[in-house]
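Student: The structure that follows is given in the form of structure tokens.
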Amino acid sequence: MKKTIALALCALLAAACASKAPAPATSAESGGEKKTFVVGYSQSNNAEPYRAQLNLQLQHFMKQYQDIELLPIADARQSSATQVSQVQNFITQKVDALIVSPTEPAPLTAAVQQACDAKIPVIILDRTVNTDCYTAFIGGDNVLIGRKAGEEAVKLLPDGGNIVELRGILSNQPQIDRDKGFREAIAANPKIKIIADREAKWLKEQATPIMQQWLAQHPDIDLVYGHNDPMALGAYLAAKAAGKAEQIRFLGIDGLAIPDGGIRAVQLGQLSATFIYPTGAKEAAETVNKILHGQQVEKEQVLGTTQVTKDNAADLYKQFDLSGQN
Amino acid sequence: MTLDTAPPGGLRRTLSALGAAQAYIGLVLVLAVGIATKGEMFLNETNLTNAIGAFASRGILAVGVTLVILTGGIDLSVGSLLGIASMTAAMMLSKHSLEPWQIVPICMVVGAFFGFLNGAGTTWLRIQSFVMTLAMLSVVRGLDRQVSDNVSVGTQITGPDGQLTPQAEAFQLFGTPGHNLFGRVYYPVLAFIVVCVVFHLILTKTRFGRHVYAVGGNPTAARLSGVNVTAVTIAVFTLSGLLAGFAGPIDAAYSASADPQAGQSYELDAIAAAVIGGASLAGGKGTIAGTFVGALILTLLDNVLGLNAVSDNWQLVIKGLIVVVAVVLQRPDLFTFFRGGSRS
């Protein structure tokens, strides 16, 4: 009995070694005639639809560079500790370039510094770290997106009106910025008021009951501003059920090109507008390629946003739909 | 377990009576606060239906968790099981266009399968249920994310004509706000009540029910008196999984999509409902009626605090305190300890 177990363990170990060994050998180490660059990417949390979409896009755009191999994307599952060890693993593997979407700035700073010390170029995607020892930062501008949403609200409510705001997780920086930009923009019309705001944790099923309560409390809601599309759509479901969806406008953010994402919702008339929070995947792939071939890159690349309206929704969906087919 | 020590006097008897009725007293208190502060707005039918409907899937999980708690175990995996069941429902609908009446049994089988594994692990491999279901929480969440590619799956499927497909139309009846059975009954509320009644009857009227209490009260005594402890334990975990599977489609219909994160932390609400309702984590003590009331307290509290615009931070504090008060009221022996009563 014991022998069998020992044998099985040996077999397992052998299998584990075998499966790990070839990856680095075939790529960077082989050098020789045709050099392949190996790129590691540590994603803060695959489970968020926005980040899943980012992963898909990054894999798609990386494939267009023949001599670059993107290692399997490491999912830190929202844990900074996990992410630090992933970054250190990539450093140990001597990847040629590293992309990191930090879960939180402070805990990742030291790890990014280590990569930098090891002479590995680092691209910070989407969220910042507290060091400037990196090669490039690529990310969206949440204050700008919030401001655009606010400007749209001002346009939709020329005579003023009452807004309710569904916020993401209160401690998240994007939430803080999306709120800040929005409030700045709606200040243009003092007759527009935010009469209630609450944390719905970025989730559709949290937004619905909150909106139901608001509908009971306030008979005069004119516009719902959701910090992301799922929350705006959760509020839409509640308003539809109460027969009030027609007289209320809904604004979201993210504009993902997935079947139940924001772009489709605009096409269906559920949202008045949404704002694409760019993933930066295309820019990241281009930047990695340039760095690896010794070209100059811009250190801070702040991406703009595109407003999704009924007119451009179909085109934008086509442009960003990377559901794996192509 | 807590009631068989020597009675040290009136205070203890009062407290123990209070302990038995605590859930009902709590419910009355919440209702009173709601009526006093928001009156008509709180008490109207739409508001109550909305409030209970939003909690129904967690309430159904709480019934399953209560069964496991009664045997002295715990089930931390129900949130993940609900998640994978809701994903299964959404995928069956969007990819295979199955009818709703086919989807629900499939989801229940999926839930029951993982529940059975929980039971098998705790009995045959003798892993503590806390650890076994904690592992299952992680495994099933991973599978959920894997099959969905981390992207939420919508349930409002439109056909080529831009209208909802008949299956998607029917699926909405499971809980999309504004869609009622026979034009009147909101399905999640009905489903929650039916589940409570059925399992109340199972626990109080059947031999299996008596065995569940026996296993939780004293497993050794139960075994010696001929109860198949292993079978009962596996059965309660399987039933808990089955109920999570049943709640999955409700959750998917409620938010018109299955999110890869759906059901996260629902297990905590479910356990809180059971505990507030008087279930003892030591096993052997608790009722479905209590859990039902516990779930009502949590959902109505949520509603009352929300209507009064109490911030989420304070809502968390208040909910936590209520759990503590509920547990303390169940342990009148604690009070005798403070009064200098001897404990050996």
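Student: Report the net charge of residues surrounding B:Thr155, where surrounding means a beta-carbon distance below 15 angstrom and charges are Lys +1, Arg +1, Asp -1, Glu -1.
Tutor: Details: positive: A:Lys204, A:Lys240, A:Arg264, B:Lys95; negative: A:Glu205, A:Asp260, B:Glu99, B:Glu169, B:Asp251, B:Asp259.
Local charge sum for B:Thr155: -2.
Student: Quickly estimate the mean residue ellipticity at 222 nm for chain B, helices only: each DSSP H run with n ≥ 4 gives -39500 (n - 2.57), and the total goes over all residues, rounded to 500. Provide the component values of the computation, followed by the final result.
Tutor: Values: 14 runs with 247 residues, N = 344.
Only helices count here, giving -24000 deg cm²/dmol.
Student: Continuing with this model, one more query. Put B:Ser240, B:Ser97 in order of accessible area, largest first, 1.4 Å probe: what do you get? Numbers along the way, then the final one.
Tutor: Numbers: B:Ser240 0, B:Ser97 65 Å².
My answer, sorted largest first, is B:Ser97, B:Ser240.
Student: Of the peptides B:193-202, B:59-68, how do they stack up when ordered by the mean number of other Cβ atoms within 10 Å, highest first?
Tutor: By packing density, highest mean first, the sequence is B:59-68, B:193-202.
Student: May I pose another question? Working with all protein chains in place, sort B:Trp101, B:Trp314, A:Trp202, A:Trp214 by solvent-accessible area computed with a 1.4 Å probe, largest first.
Tutor: Working: B:Trp101 180, B:Trp314 155, A:Trp202 55, A:Trp214 10 Å².
Reading off the accessible areas and sorting them downward yields B:Trp101, B:Trp314, A:Trp202, A:Trp214.
Student: State which entries of A:Lys63/A:Lys282; A:Lys282/A:Lys318; A:Lys119/A:Lys299; A:Lys148/A:Lys282; A:Lys155/A:Lys318; A:Lys35/A:Lys94 exceed 20 angstrom in Cα-Cα distance in the structure shown. If you can, show how the numbers build up before the last one.
Tutor: Working: A:Lys63/A:Lys282 11 Å; A:Lys282/A:Lys318 16 Å; A:Lys119/A:Lys299 16 Å; A:Lys148/A:Lys282 23 Å; A:Lys155/A:Lys318 27 Å; A:Lys35/A:Lys94 14 Å.
Cα-Cα > 20 Å for A:Lys148/A:Lys282; A:Lys155/A:Lys318; rest within.
Student: With the full set of protein chains in place, find how many percent of the accessible area of chain B is carbon and sulfur; take the probe as 1.4 Å. Numbers along the way, then the final one.
Tutor: On the way: 9970 of 14920 Å².
It is 67 percent, rounded to a whole number.
Student: Okay, next question. Ignoring ligands, DNA and RNA, how much accessible area is buried between chains B and A, both sides summed, with a 1.4 Å probe, to the nearest 100 Å²? Can you show the working numbers first?
Tutor: Working: alone 16120 and 15890 Å², together 29580 Å².
Accessible area lost upon association: around 2400 Å².
Student: Counting DSSP beta bridges in the protein assembly as shown, what percent are antiparallel, to the nearest 5?
Tutor: Details: 7 of 42 bridges.
Counting only bridges with both partners in the protein assembly as shown, antiparallel ones make up about 15 percent.
Student: Apply the membrane-span-like helix rule to chain B: whole DSSP H runs, Cα extent along the own long axis of at least 27 Å, mean Kyte-Doolittle hydropathy at least 1.0. List the helices found.
Tutor: Details: long enough: B:10-43 (40 Å, 1.13); B:45-70 (34 Å, 1.24); B:100-123 (34 Å, 1.15); B:129-148 (28 Å, 0.85); B:229-254 (37 Å, 1.50); B:288-307 (28 Å, 1.85).
Span-like helices, by this rule, are B:10-43, B:45-70, B:100-123, B:229-254, B:288-307.
Student: If you add up the charges near B:Ala270, with Lys and Arg at +1 and Asp and Glu at -1, over every other residue whose beta carbon is less than 10 angstrom from its beta carbon, what do you get? Don't skip to the answer; put the middle values down first.
Tutor: Values: positive: B:Arg58; negative: B:Asp75, B:Glu267, B:Asp269.
So the surrounding residues net to -2.
Student: Between A:Gln43, A:Gln307, A:Gln217, where does the largest GNM mean-square fluctuation fall for chain A, given springs only between Cα atoms within less than 10 Å?
Tutor: Sorting by GNM fluctuation, first place goes to A:Gln217.
Student: Averaged across B:262-271, how many Cβ atoms of other chains sit within 10 Å of each residue's Cβ atom?
Tutor: Working: counts 3, 1, 3, 1, 1, 0, 0, 0, 0, 0.
Per-residue shielding by partner chains comes out at 1.
Student: In addition: Hey, what's chain B come to in accessible area per residue, 1.4 Å probe, Å²?
Tutor: Working: 14920 Å² over 344 residues.
Accessible area per residue, chain B: 43 Å².
Student: For region A:142-276, give the percent of accessible area contributed by carbon and sulfur heavy atoms, probe 1.4 Å, rounded to a whole number.
Tutor: Working: 2340 of 4710 Å².
The computed percentage sits at 50.
Student: In addition: Please find, in a Gaussian network model of chain A (springs between Cα atoms separated by less than 10 Å), the residue of A:Ala257, A:Ala47, A:Ala265 whose mean-square fluctuation is greatest.
Tutor: A:Ala47
Student: Okay, next question. Work out the mean other chain Cβ neighbour count within 10 Å for the residues of B:45-53 and drop it here as an integer.
Tutor: Details: counts 0, 5, 5, 0, 1, 10, 4, 0, 4.
Per residue, the number of nearby Cβ atoms from other chains is 3 on average.
The values are calculated or read from the model by the stated rules, or taken from the named source; none is laboratory data. As the structure is a prediction and not an experimental result, all values here were calculated from the model. A quick note on method: Cβ atoms are made from the backbone with ideal geometry, for glycine too, and the neighbour counts reach across all protein chains shown. Side chains included, ligands, DNA and RNA excluded: accessible areas come from the protein's heavy atoms. Shrake-Rupley method; radii C 1.70, N 1.55, O 1.52, S 1.80 Å.
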